[in-house]
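Step one of this worksheet: look at the structure below.
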Ligand code: PAX
């Protein structure tokens, strides 16, 4: 009985702290990190051709509701990508100062003019280029592909 009361009080305390914003659930950041992984990280492939983009944009669920117009896949180990988060902070397109830049191997997939949902079609462009990503949390994790 006493144990049950303590449990209820602890639950109430946790809900109060959450309500006051004193305890931050890491769920949001975790969700964004996993979305970043799904949309932008493909260490296995070197990509580079239209077939790759057509397949990967579908496989990574960026053509389910509409054709995402532009998306970059980074062909580096996740640890290399995460290490970009520890470089100097620079300004993101939205003005926030949590962006970082690095040079990585990528495939940029751009929707073609004749592409029509649900038959999304892409043109690939493979390169090694500067990218800018936004990072958040502790540890710092990539959450957004800026440019
Ligand atoms: P996103 O949707 O813009 O951002 P994307 O990779 O799916 O990214 P929600 O909850 O959805 O609103 N965001 C940020 N979080 C933290 N810190 C900063 N600075 C920040 N800026 C944005 C994913 C989430 O990150 C949040 C943002 O609000 C989202 O959270 O690019 C359009 C898409 O093209 C990709 C990247 C974008 O999709 P645009 O036109 O807005 O710049 N993309 C773009 C790409 O893959 N490669 C590229 O080279 C470029 C230029």
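Residue by residue through the range 39-69, note down the ones that are surrounded by fewer than 14 Cβ atoms within 10 Å (Cβ to Cβ) and within 14 Å of the chain's Cα centre (by Cα). Answer for the range 39-69, where residues must be surrounded by fewer than 14 Cβ atoms within 10 Å (Cβ to Cβ) and within 14 Å of the chain's Cα centre (by Cα): just 61.
Flag not set for residue 53, criterion: within 14 Å of residue 145 (Cα to Cα) and within 13 Å of the ligand (Cβ to nearest atom).
Scanning the range 52-72 for residues that are over 22 Å from residue 103 (Cβ atoms), touching a residue at least 24 places away in the same chain (Cβ under 8 Å) and assigned to a helix (DSSP H, G or I) turns up 54, 57, 58. The criterion of at least 3 residues that are under 22 Å from residue 53 (Cα atoms) and more than 9 Å from the ligand (Cβ to nearest atom) is met by the following strands (runs of 3 or more DSSP E) wholly inside the range 73-145: 99-111, 122-136. Set side by side, the residues 113, 137, 102 differ, and just one is on the phi > 0 side of the Ramachandran plot and either modelled with pLDDT of 95 or more or surrounded by 18 or more Cβ atoms within 10 Å (Cβ to Cβ) (or both), which is 137.
Which ones in the range 80-119 are more than 25 Å from residue 57 (Cβ to Cβ) and out of contact with any strand residue (DSSP E or B) (no Cβ under 9 Å at 6 or more places or on another chain)? The one that is more than 25 Å from residue 57 (Cβ to Cβ) and out of contact with any strand residue (DSSP E or B) (no Cβ under 9 Å at 6 or more places or on another chain): 95.
The values are calculated or read from the model by the stated rules, or taken from the named source; none is laboratory data. Because the structure is predicted, anything quoted here is derived from the model rather than measured. Glycine gets a Cβ as well: all are built from the backbone with ideal geometry, and neighbour counts include every protein chain shown.
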